[in-house]
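Working notes, beginning with the structure itself.
The values are calculated or read from the model by the stated rules, or taken from the named source; none is laboratory data. A quick note: this is a predicted structure, and the numbers were derived from the prediction, not measured. Please note: Cβ atoms are built from the backbone with ideal geometry, for glycine as well, and neighbour counts cover all protein chains shown. Surface areas here come from the heavy atoms of the whole protein model, side chains and all, with no ligands, DNA or RNA. Shrake-Rupley method; radii C 1.70, N 1.55, O 1.52, S 1.80 Å.
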Amino acid sequence: MIAGLRRFVRRIANALTPGRAEADLAREVAAHQALIEEEYVRRGWPADEARLAARRALDAARAKDQHRDARSFVWLDDLRRDAAHALRDLRRSPAFAGVAIVTLGVAIGASTAILAFVDHVLVRSLPMPDAGRLVRLYESNPAEDRAREMASPPNIADWRRETKTLELVTAVGGTSVTMTGAAEAEALIGMLVGPEYFQITGVRLALGQPFDSSEYQSFANAALGSFAIREPITSPASIIISHAVWQRQFGGAADVVGRTVALNGNAAVVRGVMPANVFLDQSAWGTADCWIPFVESRLTQRRFRQFLAIARLAPGVSVEGAQHEMNAIAADLAGRYPAADKGWTVIVSNLRNSMTVESRRTLLILMGGVGCVLLIAVVNFAHLLLMRAAVRSREMVIRIAIGAGRWRLFRQWVTESAVLSVLGGLVGFVLALWVVPTLTEMAPADLARLKEVSVDARIFVLVLIVSVAVGTLAAIPSLSNLRDMDVMLLRSSGASARGVRRLLRPTLVAVQVGLAVLLLVGTGLIGRTLLAVKSLDLGFDPSHVLTFGTDESRLTRYRDLTATLQFRQDLMTSLLTSPVFEAAGVGAIPLFNKVADSFRIEEGTTSIEGNVNVPSPGYFRALRIRLVSGRLLEESDDRGADKVVVVNRTFARRAWGGADAVGHRLRHDMDSSPWMTVVGVVEDQRISALEAEPPAMVFIPYCQSTVVSIPNFVVRTKGDPAAAIPLVRDAVRRLDPAVAVSRVATMDERYHRVIAPREFNLWLVGAFSLIALVLSAVGVYGLVNETVTSRTPEIGVRMALGSSSRQAMLLVLKGGLSATLIGLAAGLAAATVVTRSIQSMLFGVTPLDVVSMSAASLTFVVVAALAAVAPARRASRVDPLIALRTD
Amino acid sequence: MSSGGTNPPRVELIQGSLDLIVLSALSSMGPLHAYALAARLEQITDTPLTLNQGTLYPALVRLEQRGWIKGQWQKTESNRDAKFYAITAAGSRALERQADRWRRLSGLVNRLLPRKA
């Protein structure tokens, strides 16, 4: 078998690098013949007859052919020779080669870039061991309209105990801790993990060791998970820090493992450092800065559904099998704990799919878009080949006449086309190498698995395969031209196609136009979507607004609400002494966090769902929230005063219909919650999500609320809000150096982060449209040009008979633009069908949008007209005498 | 070309057996050049040496690419240049294996065929 393999390799080597094999063989055959000749001479034959006999005994030509066939692969040999020939040929027509390579290069480059995204995000398995067996478990209560929720730790623990189909189940939660004792006080986002986390992710710490089993029971660690701990804490907590925190807080010191820091004022030991690229570092609270052992036994609230549940299927078990078992386990739990679990089931879903489900549709749409571009480019390429075939038709005819095999010529033609397209593919690959890093920077940060996207060897192989396929396909239309060489032989004039083949070129152009129009309509829709989103009335003024949060409540010093309130008040006062700050307030950060709650009104019997905001009076000033009736909250609404609230329009409408809300009373939907009087109604704000309808909201004065406390600040600055950040940090540090400032961002930044995905989509689809537009314009130009050339004699006749140059121009334009118009109509028709599938990407605009379609059509008609002008003018300048002479 | 009378039998040597015969010849007779091999073939198969010596070349290429023989340019007794082929160690082993297989096959066929009366 090895011998067979050896031979195979030798044959390939001989095919690709012929070397001196031919010369050696010639020498050997000649020597062999000489020996035969010598033998005949020895037997007494005359010299010349001996030579003839030797030639008969050893047919040199046949021997060489057989040798050649045996020593290499004939088809590979021919391929090599054809490819070398093609390259030489191309060097002699640089313009043709250049245009073809650039056209294909740009299209293949764009396609490769999108392919890189699709491959890494949707196709490849997650970078964890046994990734194919990883699943995510959701809790689900369809009756309450909660289809996919996170899970609660007691439920997760029960699943783990009772399952047989899942071999590992881990709970992942989030928390936030303030760390002091390193470079400076910082609020860290912590990831609460169970022991199975390390097994499931297979993560290898850069330094240190994963937590040991005792750490998953310690009170200190439970306290970090913000669970109330009454037992005395005797041993330090443990954390594993992220690579970034290690660098910025510990300077990348090699001895960080074992160092003690303070978390929320209590001692904690650093157990290890995560590697720079941790895959599973997103919890419900954000990107993890540190990992903390999750003390499952301390969180017994079965209704606290704030944890991710990730599991690994046992070998041989399918998702359906696990789902089946979990249905039974969930039903059992619902029976045992009806208060918490009644009506709740479990959904088991492949982890990779569940992570990428939002990105999937967008990526597939982008793939469709770039596919159109590629198709247009391939059509252009096919055109170029057609033109080239026409130019070389005479040469081909002569070669066939002197005996060249037709099949051989076809093969050469296709090889030449494939060589061109492979060169285009290489150019495209290099282009993608450059474009993809830029795209990953521009892409919205919440695109799943964005960190993994890159262009690598696997994609290179795909590009090569696609290029060869493209080249082969594009050569086919011109092959039919070659096939009728006999007919051409009989013609004296240049070949002009007849019948069906005459429609080939206009049809191809119509296809190009249709695809380009389709992309243009898509761009129009996405552009209008972005405009619609940007023109949404936020209900507040985001310019010159800085937002940040402090976590003073974590420190023991501020456990008392009065102390916390005093701290916040002092901070706002301190900030307002500086002329930089126009207004400062405590409250929910718009587009960032929301707290939902339910309320009851005096008049009604059912509860009303709404959002809770707990602002200081300065909040309204900082955000410039507009008052509709009554008054805003004021400083006088403090601890001792009457309990008041402000509501927004939506809440007022939902609770009291059209009546003025001022004077009515409401309370939290909890028994013994005090009644609060509505003193004012404000305009709706899009505080929680930009594109959703503004939620009903109740504003409770921060001094009066005993239920909810929001440690976030919103300040309005005179100048650039980003420049005020150091002032904020200074003010906090002066008040209390142990308090960390976090969640710092200007309102403009937050806003842009929210609309970034839509802008990204527009950039990409817009780029595709532009490329498609240019390529189709080139196609139209080529079509009109060819019309002029092939109809020059006819034009000459017409002009000789008296038609004007303008009429000649119109004649040519009619031919060229009719294809364009047909393509336009087809493209619009296709758009009505296709745009329905991108509805998920749209906002504020229907798929059948007349404005977008008209704009797209108009754009294309203008561009096509421009493209057709130059060749059309050539038609108008045809000199009838010259035209009639050349035939 | 026409020929009166009977044609000398021309054994159509199937590919596999030609390779085996070449290996066997080189093994028993030492390094040979192509012409000498053809002569040996004539002896074995009783075919005249006048035609078809070219069929050796693909067989030689196959064997050489498998690493079972190795070619080297040397001088003949009459001081002419010729490419001599010698069997390699791997070739000897392959020869044994192939010979075994042929023997077993022919033994089996012999047992299946009815005995000549």
Among residues of region B:58-70 being buried (at least 19 other Cβ atoms within 10 Å of the Cβ) and more than 21 Å from residue A:54 (Cβ to Cβ), the residue farthest from the other protein chains (Cβ to nearest Cβ) is B:69
Residue A:828 passes all but one of the listed conditions (1) surrounded by 15 or more Cβ atoms within 10 Å (Cβ to Cβ); (2) at pLDDT below 85; the exception is number (2)
Note: among A:560, A:570, just one is modelled with pLDDT of 85 or more, more than 30 Å from residue A:684 (Cβ to Cβ) and charged (D, E, K, R), namely A:570
Filter region A:20-29 for residues that are more than 9 Å from every other protein chain (Cβ to nearest Cβ) and open to solvent by 30 Å² or more (accessible area, probe 1.4 Å); the one that is farthest from residue B:33 (Cα to Cα) is A:20
Flagged pairs (Cβ under 7 angstrom, 6 or more apart or on separate chains; first in region A:1-19, more than 9 Å from every other protein chain (Cβ to nearest Cβ); second among the charged types (D, E, K, R) and assigned to a helix (DSSP H, G or I)) are A:15/A:77; A:15/A:80; A:16/A:80
Requiring at least 1 residues that are open to solvent by 20 Å² or more (accessible area, probe 1.4 Å), basic (Lys, Arg) and modelled with pLDDT of 85 or more, the strands (runs of 3 or more DSSP E) wholly within region A:216-331 are A:266-273, A:308-313
Restricting region B:74-117 to residues that are away from chain A (no Cβ under 14 Å) and under 15 Å from residue B:25 (Cα atoms), the one modelled with the highest pLDDT turns out to be B:86
Any residue in region A:784-795 that is hydroxyl-bearing (Ser, Thr, Tyr), in a helix (DSSP H, G or I) and free of Cβ contacts under 8 Å to residues at least 24 places away in the same chain? yes
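Table: residues versus (1) closer than 30 Å to residue A:420 by Cα; (2) hydroxyl-bearing (Ser, Thr, Tyr).
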site	(1), (2)
A:31	no, no
A:40	no, yes
A:52	no, no
A:60	no, no
A:72	yes, yes
A:88	yes, no
Reported set for region A:390-421 where residues are crowded, with 19+ Cβ neighbours inside 10 Å and within 26 Å of residue A:107 (Cα to Cα) is A:412, A:413, A:414, A:415, A:416, A:417, A:418, A:419, A:420, A:421
Checking B:115, B:66, B:97, B:80 in turn, the sole residue that is within 15 Å of residue B:17 (Cα to Cα) and not hydrophobic (A, V, I, L, M, F, W, C) turns out to be B:97
Subset of region A:665-694, residues under 18 Å from residue A:615 (Cα atoms) and free of Cβ contacts under 8 Å to residues at least 40 places away in the same chain, comes to A:676, A:677
Being under 16 Å from residue A:695 (Cβ atoms), of a type in the set (Val, Ile, Thr), touching a helix residue (DSSP H, G or I) at 6+ places or on another chain (Cβ under 6 Å) and in contact (Cβ under 8 Å) with a residue 12 or more places away in the chain narrows A:608, A:589, A:625, A:601 down to just A:608
Residue A:722 passes all but one of the listed conditions (1) assigned to a loop (DSSP other than H, G, I, E, B); (2) modelled with pLDDT of 85 or more; the exception is number (1)
Q: For region A:360-377, indicate whether the set of residues that are assigned to a helix (DSSP H, G or I), closer than 30 Å to residue A:163 by Cβ and either at pLDDT below 85 or under 33 Å from the mean Cα position of the chain (by Cα) (or both) is non-empty.
A: yes
Checked B:45, B:55 against criteria (out of contact with any Cys (no Cβ under 9 Å at 6 or more places or on another chain), of a type in the set (Val, Ile, Thr) and within 11 Å of chain A (Cβ to nearest Cβ)); the one match is B:55
Against the definition (outside any loop (DSSP other than H, G, I, E, B), open to solvent by 30 Å² or more (accessible area, probe 1.4 Å) and at positive phi), how does residue A:733 come out, yes or no?
no
Listed by first then second residue, the pairs whose first member lies in region A:641-661 and is in a loop (DSSP other than H, G, I, E, B), whose partner is open to solvent by less than 70 Å² (accessible area, probe 1.4 Å), with beta carbons under 6 Å and at least 6 positions apart or on separate chains, are A:643/A:674; A:643/A:676; A:643/A:704; A:660/A:629; A:661/A:647; A:661/A:652; A:661/A:678; A:661/A:681
When region A:158-179 is checked residue by residue, the ones that are crowded, with 18+ Cβ neighbours inside 10 Å and not in a strand (DSSP E or B) are A:158, A:159, A:160, A:163, A:165
Taking region A:746-794 and keeping only residues that are among the hydroxyl-bearing types (Ser, Thr, Tyr) and open to solvent by less than 40 Å² (accessible area, probe 1.4 Å), one is left with A:746, A:751, A:769, A:776, A:787, A:792
